[in-house]
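J.: Here it is, the structure, as structure tokens.
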Amino acid sequence: MDDYQSAAGSGALAAFIGAYFFFILIVWVISVAGMWKTFEKAGKPGWAAIIPIYNIIIMLEIVGKPMIWILWLLLPCTNIVFGVWLLNLMSKSYGKSEGFTLGLLFLSFIFWPILGFGDARYLGPSAAEAQNRGFGNNPNNPFGNQNTPFNNPNDTPPPVV
């Protein structure tokens, strides 16, 4: 006796898996298109966004990091730290903040097109540090406050008790 219920269940499962893979394909195409335009803004070949390891090499060139980072990005455990760091440097190279880095990390299919098709301009490697944003103008003062006792030492001796 034929069991038609299992055949119907298999067809529904196949339709669900097909729809899932179609959705993943659309998300991938949107991400790659955004990454393509982002690479072109930096003067790099856009087609490099399609090739898996080569796109990381291009990102390293865009942010100005050495090629040894490929090793760190391929090793387990260090790849997480260096991957997030690379995305942070990528967003900084386009003048974006750490919040944009989180967007690139968790919602890349939205934030790569924003970076590529939006009004972001390529500012170069480590753009935030070059513009002295975040740490002020004094490299010895990490808090940006110019009125600290370390920057303006008082020449008078302390009161004698």
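The values are calculated or read from the model by the stated rules, or taken from the named source; none is laboratory data. Note that this is a predicted model, so its numbers are computed, not measured. Cβ sites come from the backbone with ideal geometry, for glycine too, and all protein chains shown count toward neighbours.
J.: Report yes if residue 68 is out of contact with any Cys (no Cβ under 7 Å at 6 or more places or on another chain), surrounded by 14 or more Cβ atoms within 10 Å (Cβ to Cβ), at pLDDT 90 or above and among the β-branched types (Val, Ile, Thr), otherwise no. Write out each step before concluding.
T.: On the way: out of contact with any Cys (no Cβ under 7 Å at 6 or more places or on another chain): yes; surrounded by 14 or more Cβ atoms within 10 Å (Cβ to Cβ): no; at pLDDT 90 or above: yes; among the β-branched types (Val, Ile, Thr): yes.
Here the answer is no, as residue 68 does not meet what is asked.
J.: Among residues belonging to region 73-82 that are in contact with a helix residue (DSSP H, G or I) (Cβ under 6 Å, 6 or more places away or on another chain) and not polar (S, T, N, Q), point out the one that is surrounded by the most Cβ atoms within 10 Å (Cβ to Cβ). Can you show your working first?
T.: Keep residues of region 73-82 that are in contact with a helix residue (DSSP H, G or I) (Cβ under 6 Å, 6 or more places away or on another chain), which gives 73, 78-79, 82.
With not polar (S, T, N, Q) added as a condition, the list becomes 73, 82.
Numbers: 73: 20, 82: 18.
Here the answer is 73.
J.: Just checking: which of the helices (runs of 4 or more DSSP H) contained wholly in region 50-129 hold 3 or more residues that are within 14 Å of the chain's Cα centre (by Cα) and among the aliphatic types (A, V, I, L, M)? Working first, answer last.
T.: Numbers: elements: 52-63, 69-74, 78-93, 98-106, 108-117.
By residue number, 52-63, 78-93, 98-106, 108-117.
J.: When you check residue 34 against the structure, is it part of a helix (DSSP H, G or I), in contact with a Phe, Trp or Tyr (Cβ under 9 Å, 6 or more places away or on another chain) and within 17 Å of residue 117 (Cα to Cα), yes or no?
T.: Numbers: part of a helix (DSSP H, G or I): yes; in contact with a Phe, Trp or Tyr (Cβ under 9 Å, 6 or more places away or on another chain): yes; within 17 Å of residue 117 (Cα to Cα): yes.
In short, yes.
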